[in-house]
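**Q** I'd like to ask some things about the structure below.
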Amino acid sequence: MKQSKLTIAIFIALTLGIIAGWAFPDIAVRMHVLAEIFLRMVKMIIAPLLFATLVVGIAGHGDVKSVGRLGIKTIAYFEIVTTIALFVGLGFANLFRPGEGMGNIASEHTGLTSIVQMASTVQHNTFGELLLGLFPTSIFQSMADGNLLQIVVFCIFFALAICAVGDKAKPIIDVLNSLASIMFKFTEYVMYFAPIGIFGAIAYTVGSNGIKILFNYGKIVLSLYVALAVFVLVVLFAACKIVNISIRALFKAIQEPALLAFTTASSEAALPKAMSIMENFGVPKSIVGFVMPTGYTFNLDGSTLYLAMAVIFSTQLVGYPLTFEQQLVIMFALMLTSKGIAGVPRVALIVLAGTLASFNIPILGVAILLGIDQILDMGRTTVNLIGNCVATVVIARWENQFDYGKMREFIKTNDGLRLATVTNIEDFKENDGEEKNGI
């Protein structure tokens with residue numbers, strides 16, 4: 001009941017935000033502080049929650065060989081799926097060609113200089129710099145900066161040390177388990193403020209840009225959302241089909257965190273809820289605790305797809321043609337640079353500016369995309385979340401640890417008598433060929 005009320009409240013806040021931005025733009029632009037407050041509340045959760053869940057997720061396997069096997073499978077899956085996402089974005093950018101004929105809009109935008117300056121502080125021009133950026137000098141500094149990549153690396157080493165120590169480290173595991181439980185409850189309290197933050201974010205976006213901005217940039221928005229939809233309905237559907245999981249049931253289970261990710265344009269806001277749901281859906285806590293936090297660095301499908309489209313859009317905008325070979329080189333670079341994207345708004349624009357500058361491509365496209373980045377970010381962030389939820393299911397099935405009985409119970413609890421009408425038994429195939437109780 002609480003979840004239903006929160007979902008309704010989010011929809012109401014979204015609608016009211018659009019109305020407020022359209023009818024009272026001068027007031028609406030001041031509502032951005034509400035969104036900033038909510039996102040700050042969320043960000044203060046992420047570091048301790050990720051630390052606790054990731055360490056427990058790795059150390060919970062009990063032996064280093066198991067952790068190594070899980071890590072290799074996880075990274076392999078992430079690399080395959082994000083590479084597909086890059087080529088989907090590349091294909092649709094060349095198909096729709098959204099950058100052609102839009103150069104005259106550039107003079108109406110501002111903010112390019114600040115983004116370029118920010119890009120110069122975060123871009124990785126060489127593989128060595130990217131590799132160096134993985135390792136923190138201080139975990140506290142990494143947590144303060146919100147550097148998820150460095151937090152993940154520290155947690156992996158910390159968890160491996162716990163595995164090596166054995167029983168002597170059990171008190172630490174108990175403490176981190178308690179910390180994770182506390183942070184999930186903490187998150188529940190913070191989520192009560194989600195409708196207020198969403199109202200502020202939407203009102204600011206519409207109020208500052210106006211309704212007409214949606215029509216001016218319709219081609220860009222349509223191109224990205226069609227590409228994202230194709231990626232979800234084809235690539236992620238195929239992944240679920242391969243492991244015999246009902247994608248319809250999975251989508252229904254994660255609809256609330258997906259809606260939260262869409263309206264806030266922040267994966268971080270939806271992470272705690274999504275992790276809790278995936279555990280209840282049948283994925284072991286140890287796999288959820290490892291795969292989802294790691295996915296925030298290595299498996300941002302929506303963001304990598306968007307970056308591929310944005311690079312091609314930027315070259316089309318200034319009439320800078322790229323050969324197929326040049327496009328492949330840029331895609332390879334994005335395979336590396338996109339792995340450092342944090343799950344927060346606007347970071348993709350910074351990475352885009354840095355990537356364009358690295359290849360001496362005019363960065364006019366960044367200024368064009370800045371005005372509608374909120375709308376684009378909502379779509380790509382939602383796909384980031386969905387992709388990581390699918391990843392936990394695939395890895396759990398790959399490890400033969402997915403609990404189909406728990407999935408059936410989750411669906412039964414949340415969907416009434418739906419099980420009684422299920423005709424596709426393969427959607428609920430029991431792990432390891434065991435008898436399907438109740439089917």
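The values are calculated or read from the model by the stated rules, or taken from the named source; none is laboratory data. Computed from a predicted structure; not experimentally measured. We place every Cβ from the backbone using ideal geometry, glycine too, and count neighbours over all the protein chains shown.
**Q** Taking the options Ala308, Ala367, name whichever one is in a helix (DSSP H, G or I), of a type in the set (Gly, Ala, Ser) and modelled with pLDDT under 85.
**A** Ala367
**Q** OK, next. Restricting the search to region 334-352, which residues are surrounded by 19 or more Cβ atoms within 10 Å (Cβ to Cβ), closer than 17 Å to Leu86 by Cα and either polar (S, T, N, Q) or modelled with pLDDT under 75 (or both)?
**A** Thr337, Ser338, Lys339, Gly340, Ile341, Ala348, Leu349, Val351
**Q** Could you check Met278 against (1) out of contact with any Gly (no Cβ under 6 Å at 6 or more places or on another chain); (2) within 30 Å of Glu100 (Cβ to Cβ); (3) at pLDDT 80 or above and say which number it fails?
**A** Failing condition for Met278: (2).
**Q** If you don't mind, another one. Scan region 248-273 for residues that are part of a helix (DSSP H, G or I), modelled with pLDDT of 85 or more, over 12 Å from Thr381 (Cβ atoms) and not charged (D, E, K, R) and jot them down.
**A** Within region 248-273, Ala249, Leu250, Phe251, Ala253, Gln255 qualify.
**Q** Restricting attention to region 267-283, does a residue exist that is acidic (Asp, Glu) and under 30 Å from Pro362 (Cα atoms)?
**A** Checking region 267-283: not a single residue is acidic (Asp, Glu) and under 30 Å from Pro362 (Cα atoms).
**Q** Right, another one. How about region 196-242: which helices (runs of 4 or more DSSP H) wholly inside it have at least 2 residues that are modelled with pLDDT under 90, out of contact with any helix residue (DSSP H, G or I) (no Cβ under 6 Å at 6 or more places or on another chain) and within 29 Å of Asn388 (Cα to Cα)?
**A** By residue number, 218-230.
**Q** Another question, if that's okay. Would you please list the contacts, defined by Cβ atoms under 8 Å and residues six or more apart or on different chains, that run from a residue in region 40-53 that is at pLDDT below 80 to a residue that is polar (S, T, N, Q) and not in a helix (DSSP H, G or I)?
**A** Note: pairs meeting the criteria are Val42/Ser266.
**Q** Would you please name the residue that is nearest to the chain's Cα centre (by Cα), looking only at residues in region 137-154 that are surrounded by 17 or more Cβ atoms within 10 Å (Cβ to Cβ) and modelled with pLDDT of 85 or more?
**A** Phe154
**Q** Could I ask something else about it? Six or more apart or on different chains, Cβ atoms under 6 Å: show the pairs whose first residue is in region 164-184 and more than 13 Å from Thr53 (Cα to Cα) and surrounded by 13 or more Cβ atoms within 10 Å (Cβ to Cβ) and whose second is of a type outside the set (Gly, Ala, Ser) and at pLDDT 90 or above.
**A** Every condition considered, no pair remains.
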